Amino acid sequence: MAEVTVKLPDEFLKKLTRLGEQTDAICTKMLEAGAGVVEAKIRENLQAVIGSGTQEPSRSTGELLQSLGSSEVRQDAGGVLNIKVGFAEPRSDGESNAKIANIIEYGKHGQPPKPFLKPAKTASRAACTAAMQQTFEEEVGKL
C-alpha cells in the first residue's frame, strides 16, 4: 500500500488555523460591506423616484427613506449567516413602510409603478460582490 506525506510550511498552517478561528468575524464584515453597497443603491433609486412624475405635489415625509437600513448579521438554524436590507417598522402615521415601498415599487390603481428595489438589486450585484471580495482579501491579509 502506498503512503503519501504532505508537509506544508508552518506559516501557511498557522494562517489556515487563524482563518478558521476568524471565519465568522470575516464573514460578518463581508456581509456588512455588501449590504452597504446594496443599501446605498436602494437609497439612491428611492430618492430618484419619490415625488417624480406626479400630477399633484408629493406628500412624502421622508420617513420611508429614513427607515431604510440593514439588520445585524444573524445565523439561521442551518448555520448560515444572513443580513437583510430593508425598511424598519413602524411608521409614525400607523402605516407600514413595507406597504408604502410596495406601492411605490409596483404601483396601484391610479398610481404607476416606480421600481427602485429590483433595479437596485440588479445594478448593485457586481459592486456588492466586489466589496465583499475586497473585504475578504483585506481580512485574510491581516492574518
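Please arrange K15, K99, K41 by accessible surface area, largest first, computed with a 1.4 Å probe and ligands excluded.
K99, K15, K41
Can you pull the percent of the chain's accessible area that's carbon plus sulfur, 1.4 Å probe, other chains left in place?
54 percent
By how many degrees, between 0 and 90 and to the nearest 10, does the Cα long axis of helix 10-49 differ from the longest principal axis of the chain?
Between helix and principal axis, roughly 10 degrees.
To the nearest 10 degrees, how steeply does helix 97-106 sit against the main Cα axis of the chain, on a 0 to 90 scale?
Helix 97-106 sits roughly 80 degrees off the main axis of the chain.
Give me D for the chain in µm² s⁻¹, whole number, from Stokes-Einstein with Rh from the Kirkwood sum over alpha-carbon pairs, 37 °C and 0.692 mPa s.
180 µm²/s
Applying a 10 Å radius around every beta-carbon, put 112-122, 29-39 in order of their mean neighbour count, most first.
Per-residue Cβ counts within 10 Å, averaged per peptide and sorted highest first, yield 29-39, 112-122.
For the range 15-56, with every protein chain kept in place, what is the accessible area per residue (1.4 Å probe, Å²)?
60 Å²
Mind checking which lysines have their C-alpha under 30 Å from K114, skipping anything on the same chain fewer than 8 residues away?
K41, K84, K99
What is the helix-to-structure angle for 117-142, meaning the angle in degrees between its Cα long axis and the longest Cα principal axis of the chain, kept from 0 to 90 and rounded to the nearest 10?
30 degrees
Among the lysines, which fall within straight-line cross-link reach of K15, defined as a Cα-Cα distance under 30 Å, with same-chain neighbours fewer than 8 residues apart omitted?
Answer for K15, where 30 Å is the Cα cut-off: K7, K29, K142, listed by chain and number.
Contact order normalised by length for the range 56-101, with contacts defined as Cα pairs under 8 Å and 6 or more residues apart; what percent is it?
Here the relative contact order equals 33 percent.
Counting only C-alpha contacts under 8 Å and six or more residues apart, can you give the relative contact order of the chain as a whole percent?
Over the chain, the number comes to 32 percent.
Could you order T129, T23 so the one with the most accessible surface comes first? Probe is 1.4 Å.
The ranking, largest first, comes out as T129, T23.
Taking a probe of 1.4 angstrom, what is the accessible area of S92 in Å², to the nearest 10?
100 Å²
Summing +1 for each Lys or Arg and -1 for each Asp or Glu, what net charge is found among the other residues whose Cβ lies under 14 Å from the Cβ of P90?
Counting the neighbours of P90, the net charge comes to -2.
Can you give the charge dipole size of the chain about its Cα centre, rounded to the nearest 20 debye, using +1 on the beta carbon of Lys and Arg and -1 on the beta carbon of Asp and Glu?
Value, rounded to 20: 400 debye.
Nothing charged except the Cβ atoms of Lys and Arg (+1) and of Asp and Glu (-1): what's the magnitude of the dipole of the range 27-70 about its Cα centre? Round to the nearest 20 debye.
That gives the range 27-70 a dipole magnitude of about 80 debye.
The values are calculated or read from the model by the stated rules, or taken from the named source; none is laboratory data. This is a predicted model, so every value here is computed, not measured. Positions of Cβ are backbone-derived with ideal geometry, glycine not excepted, and every protein chain shown enters the neighbour counts. For the accessible areas, the whole protein counts, side chains as well, though only heavy atoms, and no ligand, DNA or RNA atoms are used. Shrake-Rupley method; radii C 1.70, N 1.55, O 1.52, S 1.80 Å.
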